[in-house]
Amino acid sequence: MLRKIVFSSLCFAMFVALTSYVTNSTFKRSAPALKRIVVDAGHGGHDGGADGRYSKEKDVSLAVAIKLGQLIQQEIPDVEVVYTRTSDIYQHPVVKANIANQAKGDLFIAIHCNSAAPITRKEFTGYKTETYYTGKGKNKKKKTRKVATYKYHRTPNPAKGTETYIWGAHKNDAKEKAMKENEALYLDSTLAQQVADFDPNDPEKMILYSLKTKQYFNRSANLAMTVEDEFKKTGRISREARQRQIGIWVLQAVAMPSVLIELGFISNPEEEDYLNSESGQAEMTKAIVQAVKRYKYSLEHQLIETNTGTQR
């Protein structure tokens with residue numbers, strides 16, 4: 001009974017800290033709010049992802065992911081970068097999630113390229129005579145008819161712009177499962193020791209998973225919107241931050257805030273050239289790093305305000 005009471009108190013304190021409605025926080029973090037970022041280059045190996053005229057998504061995502069990690073280390077030296085891959089290899093999404101979770105990342109950023117199906121236009125070219133038969137046996141008769149003919153033209157889809165995704169809100173159960181299976185990643189040592197003896201399926205303990213999942217969802221959404229805001233500042237067309245209703249399994253499988261950035265449409269020749277250019281890749285990585293800086297500041301600012309008694 002005493003353990004139940006103690007844990008209930010801990011859960012309530014966690015809730016108060018997350019919503020910042022107290023004047024003195026029970027949970028004070030000694031470590032930085034953002035100390036380790038996992039950068040994931042989408043696809044790889046036999047999985048090339050989307051195709052452009054001359055390039056593949058897997059190669060663009062790898063080049064940008066490595067540049068992103070390097071720039072993060074230069075611009076934010078107190079943050080460690082972990083890559084899911086640094087070469088042209090295939091990794092199952094489960095492997096990617098395991099790398100991120102085992103690294104105890106504070107943020108997961110997946111780099112991808114978008115694609116849109118080409119536009120098909122049908123052009124009428126005239127008629128041709130077609131022979132066909134009716135009836136059977138002695139009643140079989142040969143007939144002809146005119147049939148319209150067409151020529152089909154395929155042109156690249158003009159879709160362009162950036163998108164940043166978070167997991168769909170309906171996938172929160174899956175995210176909570178990731179939290180539950182990797183609880184040591186987000187509980188500080190004191191709290192982890194105090195609740196270690198409890199059943200993970202205990203309703204009271206599930207409060208903690210739910211609260212943390214909601215916090216990570218909000219943080220992911222905030223970062224996604226910040227990334228798109230920084231892309232807009234470079235002059236890129238932003239298709240806004242979005243929730244993906246299907247797919248992106250890895251975003252809900254990692255026990256940390258997570259986003260997937262679609263850099264642009266590799267199916268659009270103009271965008272493909274930009275995505276493969278040194279200047280384009282440098283501009284994109286700079287925008288993402290600036291968004292991460294803003295995200296990091298907001299986390300630290302919130303922690304400071306919470307710990308000093310300022311309400312948000």
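Output yes when any residue across region 92-99 is in the same structural domain as ALA282 (by TED's automatic domain parsing), closer than 29 Å to PRO118 by Cβ, at pLDDT 95 or above and not basic (Lys, Arg), and no when none is. No, every residue in region 92-99 fails to be in the same structural domain as ALA282 (by TED's automatic domain parsing), closer than 29 Å to PRO118 by Cβ, at pLDDT 95 or above and not basic (Lys, Arg). Taking region 71-98 as the range and being surrounded by fewer than 20 Cβ atoms within 10 Å (Cβ to Cβ), touching a residue at least 12 places away in the same chain (Cβ under 8 Å) and part of a helix (DSSP H, G or I) as the test, the residues that pass are LEU71, GLU75, PRO93, VAL94. From the list ALA41, ALA116, the one residue that fits, being among the small types (Gly, Ala, Ser) and surrounded by fewer than 18 Cβ atoms within 10 Å (Cβ to Cβ), is ALA116. Say whether the condition of being surrounded by 17 or more Cβ atoms within 10 Å (Cβ to Cβ), modelled with pLDDT under 50 and either not assigned by TED's automatic domain parsing to the domain that holds VAL60 or not in a loop (DSSP other than H, G, I, E, B) (or both) is met by at least one residue in region 187-202. Yes, there is a match, as at least one residue in region 187-202 is surrounded by 17 or more Cβ atoms within 10 Å (Cβ to Cβ), modelled with pLDDT under 50 and either not assigned by TED's automatic domain parsing to the domain that holds VAL60 or not in a loop (DSSP other than H, G, I, E, B) (or both).
The values are calculated or read from the model by the stated rules, or taken from the named source; none is laboratory data. This is a predicted model, so every value here is computed, not measured. Using ideal geometry, Cβ is built from the backbone for each residue, glycine included, and neighbour counts are taken over all protein chains shown.
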